[in-house]
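Q: This is the structure I have questions about; it appears just below.
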Amino acid sequence: MRRQALFGFVVIVGALSFIAIVAGLHVVQTAYDPATQLMSELALGPHGEAMLAAFSSLTVSLASLALGLPAQNPLLKIVLAASALCFIVAGIFPLGAATGLHVAAVALGFITAGLAMYLLPSVHQFQRASWRVASWGFLAAMASAAALAHSLVPIGIAQRLAAAALLGWLCACGWKLVRGEMQNMQHD
């Protein structure tokens with residue numbers, strides 16, 4: 001498996017691991033209300049230390065995307081690395097232990113991920129109009145979910161919708177890296 005496909009695979013596994021860990025915590029923490037509570041609040045309940053693994057998975061996914069992309073857009077790679085750094089900081093400093101730092105890291109992680117969604121169509125293999133629509137569509141979904149929080153949508157639901165947009169974007173990008181390498185191997 002070539003480098004780009006390997007990184008694409010890790011992007012997908014990291015995003016799906018985040019989902020699996022958070023979903024598992026929802027099952028074991030029966031008093032938790034996903035509609036009104038943030039995902040980060042899972043760190044406050046039984047087995048809350050698993051949120052470090054969830055944030056680590058998200059970090060690995062973002063960092064792998066940065067590493068898997070061609071070097072033609074260093075700004076995008078820096079933005080993805082910054083987003084990865086923010087999410088690992090959020091995992092290391094959970095709610096309760098360092099609430100202010102955690103909240104700031106999550107917010108900045110989403111903002112930098114949104115910037116990466118905006119910048120992605122500048123990369124050669126993502127320059128097609130369909131990728132511009134897809135990447136910017138995920139960005140619009142993430143931003144809309146965040147904007148609707150506390151007004152039309154309960155905060156827990158809004159955050160999950162924003163996270164779903166980010167995770168969906170990561171899986172789509174990872175699949176593009178894997179599929180692109182498979183197509184390159186067929187032409188070799």
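Q: Would you be able to say whether some residue in region 38-51 is touching a Ser or Thr at 6+ places or on another chain (Cβ under 8 Å), within 17 Å of Val11 (Cβ to Cβ) and not acidic (Asp, Glu)?
A: The answer is no, given that none of the residues of region 38-51 is touching a Ser or Thr at 6+ places or on another chain (Cβ under 8 Å), within 17 Å of Val11 (Cβ to Cβ) and not acidic (Asp, Glu).
Q: I need the full set of residues from region 119-145 which are within 15 Å of Ile78 (Cβ to Cβ) and modelled with pLDDT of 95 or more, in order please.
A: none
Q: Residues that are crowded, with 21+ Cβ neighbours inside 10 Å, part of a helix (DSSP H, G or I) and among the polar types (S, T, N, Q): does region 62-70 have at least one?
A: Within region 62-70, one or more residues are crowded, with 21+ Cβ neighbours inside 10 Å, part of a helix (DSSP H, G or I) and among the polar types (S, T, N, Q).
Q: Quickly run through region 71-81 and pick out the residues that are aliphatic (A, V, I, L, M) and crowded, with 19+ Cβ neighbours inside 10 Å.
A: Passing the criteria: Leu76, Val79, Leu80.
Q: Looking at (1) part of a loop (DSSP other than H, G, I, E, B); (2) crowded, with 17+ Cβ neighbours inside 10 Å; (3) of a type in the set (Asp, Glu), can you tell me which one Glu41 breaks?
A: (1)
Q: Let me ask something else. Based on what the data block shows, is Phe138 of a type in the set (Phe, Trp, Tyr) and touching a helix residue (DSSP H, G or I) at 6+ places or on another chain (Cβ under 6 Å)?
A: Yes.
Q: So Ala104 clears everything in (1) surrounded by 17 or more Cβ atoms within 10 Å (Cβ to Cβ); (2) at pLDDT 95 or above except one condition, right? Which one?
A: Of everything listed in (1) surrounded by 17 or more Cβ atoms within 10 Å (Cβ to Cβ); (2) at pLDDT 95 or above, Ala104 misses just condition (1).
Q: Here is a check on your reading of the model: is Phe93 in contact with a His (Cβ under 6 Å, 6 or more places away or on another chain) and either open to solvent by 50 Å² or more (accessible area, probe 1.4 Å) or closer than 26 Å to Trp175 by Cα (or both)?
A: Criteria met by Phe93.
Q: What are the pairs with Cβ atoms under 8 angstrom where one residue, in region 29-50, is among the β-branched types (Val, Ile, Thr) and the other, located anywhere, is outside any helix (DSSP H, G or I)? Sequence gap at least six, or different chains.
A: From residues that are among the β-branched types (Val, Ile, Thr), the pairs are Thr36/Pro154.
Q: Hey, does region 129-138 have a residue that's more than 17 Å from Val11 (Cα to Cα), crowded, with 17+ Cβ neighbours inside 10 Å, without any contact (Cβ under 8 Å) to a residue 24 or more places away in the chain and not aromatic (Phe, Trp, Tyr)?
A: The answer is no; no qualifying residue exists.
The values are calculated or read from the model by the stated rules, or taken from the named source; none is laboratory data. Quick caveat: nothing in here was measured; it's all calculated off a predicted structure. In this analysis, Cβ positions are derived from the backbone assuming ideal geometry, glycine residues included, and neighbour counts consider all displayed protein chains. Ligands, DNA and RNA are excluded from the accessible area calculation, which covers all protein heavy atoms including side chains. Shrake-Rupley method; radii C 1.70, N 1.55, O 1.52, S 1.80 Å.
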